[in-house]
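Read the structure below first, then the notes.
Computed from the coordinates by the stated procedures, all read-outs in this text should not be read as laboratory data. Note that the coordinates shown come from a computational prediction; the quantities given were computed from them, not determined experimentally. Here the Cβ positions follow ideal geometry from the backbone for every residue, glycine too, while neighbour counts run over all protein chains shown.
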Amino acid sequence: MNARSWVTVATFAVSLTVVAIILIIAPGQHWSADSVTSLVLLYAGFVQLVLVRHSTVTRGDSGPAIASLGTSVLLTFALLTITGFALFVGLNGHNRMCWALNIFAVGVFILGFSLMKATSAIVGTSVASPASSQPSHWTQLLESMKPLVKKDDMRAQLARLSESVRYAASNPRGLVVPENETINVSLSRLASAIASDDREKTHAEAIHLETTLMQREAALKALRTHA
């Protein structure tokens, strides 16, 4: 079993132990529909910490999980406090107050779950965006070419290209410019030229890339203007 499985088992064990103790201590004649509902919600407040986080933020990256951790802990604390108090007043005969607190606990859970989903989605998008952007991909390609360069002038030209690509704008969501494909093809030709130590071809492809990058910036600016 991995660490997550042990945490899940421990959470269920603790919650069942608490429920069992409450059932033993509380007199049987004090139980009613409202207090039983509070006990069920109290149990749910324990186990949602592992069940809800597992279903919403475990997507293979740590960003969303870290972002949702604070919300998840606060949600658990709020649910345990509200449902614990609801159970107390329910066992003491305040049925209407107990039902009101139960409904409030359900509302808090829905609100907290929605906030957790929103936080995970926002952070997940911000984490994924740099990894999937074209300039980031091009920068990695250029960095992989640097060890192959043998001449100083070609190395300097590649460094200038890397600088230009590093500060290139990313595509707006849902919009793609044709210059992207042109740059991909040109980078492939540049890699071949560097591998063959062809200074003239490397110089020509570098100039072509710089020109295409400027055209791409102009195209992206036009797209944003008309968006």
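Does a label point 7 Å from the Cα of residue 95, set along Cα-to-beta-carbon, have any residues of the range 29-53 with amide nitrogen under 17 Å, and which are they?
Once the point is set 7 Å along Cα→Cβ of residue 95, 29-39 turn out to lie under 17 Å by backbone N, inside the range 29-53.
Name the lysines eligible as straight-distance cross-link partners of residue 150: C-alpha to C-alpha under 19 Å, and not fewer than 8 places from it in the same chain.
201
Between residue 150 and residue 184, what's the calculated FRET efficiency when r is the beta-carbon distance and R0 is 22 Å? Round to 0.05. Mind dumping the intermediate values first?
Values: r = 25 Å, r/R0 = 1.12.
Rounded to the nearest 0.05, the efficiency is 0.35.
Over all directions, what mean area does the Cα convex hull of the range 134-226 project, stated in square nanometres? List each step's numbers first, then the result.
Working: hull surface 21.5 nm².
The directionally averaged projection comes out at 5.4 nm².
Can you compute the modelled spin-label distance between residue 219 and residue 140, with each label point 7 Å from Cα toward Cβ, in nm?
2.2 nm
When a footprinting reagent is the concern and you count Cβ atoms within 10 Å, what order do 198, 153, 34 take, fewest first?
Working: 198 14, 153 11, 34 23.
With the sparsest Cβ surroundings first, the list reads 153, 198, 34.
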